[in-house]
Amino acid sequence: TALGGPAAGVHVRLEIHEPGFGWHFLNEDVTGDDGRIMALLATDHPLEATDYRLVFKTGAYFAAQNIEPFNPEVAVAFTVDDPTRHYHVPLILSRFGYSTYAGV
């Protein structure tokens with residue numbers, strides 16, 4: 001948002017919550033020129049009705065642009081209630097804040 005375009009080159013980690021054990025790594029990737037990752041969930045791991053978390057490495061993204069970051073990473077936890085549905089979780093980012101929503 002602050003730079004007027006998509007955030008390319010942001011490292012994103014996908015985690016799944018396992019009750020009684022905590023968060024566990026599933027996959028990771030880097031956003032493309034359009035600020036998106038098209039398929040972060042590995043094809044051999046079906047989407048489950050449970051809690052997931054996306055961890056965006058925003059500090060490295062801002063540092064690469066010579067901007068001192070306030071939030072070195074942003075973790076967005078969300079619940080998948082219908083595994084047959086498409087889930088799109090955008091992060092609207094600026095140096096001192098961020099927002100997210102359930103996209104389609």
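Name the residues in segment 25-43 that are open to solvent by 70 Å² or more (accessible area, probe 1.4 Å), touching a Lys or Arg at 6+ places or on another chain (Cβ under 8 Å) and more than 20 Å from ALA63 (Cβ to Cβ), would you?
PHE25
Scan GLY22, GLY4 and give me the residue that is modelled with pLDDT of 95 or more, over 17 Å from the mean Cα position of the chain (by Cα) and surrounded by fewer than 16 Cβ atoms within 10 Å (Cβ to Cβ).
The unique qualifying residue is GLY22.
Condition first: assigned to a loop (DSSP other than H, G, I, E, B), over 15 Å from HIS17 (Cβ atoms) and in contact with a Leu (Cβ under 9 Å, 6 or more places away or on another chain). Now tell me which residues in segment 70-81 satisfy that.
The one that is assigned to a loop (DSSP other than H, G, I, E, B), over 15 Å from HIS17 (Cβ atoms) and in contact with a Leu (Cβ under 9 Å, 6 or more places away or on another chain): ASN71.
Just checking, how many residues over segment 1-39 are free of Cβ contacts under 8 Å to residues at least 40 places away in the same chain and either part of a loop (DSSP other than H, G, I, E, B) or of a type in the set (D, E, K, R) (or both)?
So the answer is 19.
Does segment 64-104 hold any residues that are closer than 19 Å to ARG13 by Cα and of a type in the set (Phe, Trp, Tyr), and which are they?
PHE78, TYR87, TYR98, TYR101
How many of the residues in segment 70-98 are under 13 Å from the mean Cα position of the chain (by Cα) and surrounded by 12 or more Cβ atoms within 10 Å (Cβ to Cβ)?
13
Among the numbered criteria (1) of a type outside the set (Ser, Thr, Tyr); (2) surrounded by 14 or more Cβ atoms within 10 Å (Cβ to Cβ); (3) modelled with pLDDT under 95, which single criterion is violated by VAL104?
Of everything listed in (1) of a type outside the set (Ser, Thr, Tyr); (2) surrounded by 14 or more Cβ atoms within 10 Å (Cβ to Cβ); (3) modelled with pLDDT under 95, VAL104 misses just condition (2).
Go through segment 50-69 and report how many residues are part of a loop (DSSP other than H, G, I, E, B), open to solvent by 50 Å² or more (accessible area, probe 1.4 Å) and modelled with pLDDT under 95.
4
The values are calculated or read from the model by the stated rules, or taken from the named source; none is laboratory data. What you see is a predicted model, and the numbers here were worked out from it, not measured in a lab. We place every Cβ from the backbone using ideal geometry, glycine too, and count neighbours over all the protein chains shown. Heads up: the accessible areas ignore ligands, DNA and RNA and are worked out on the full protein's heavy atoms, side chains in. Shrake-Rupley method; radii C 1.70, N 1.55, O 1.52, S 1.80 Å.
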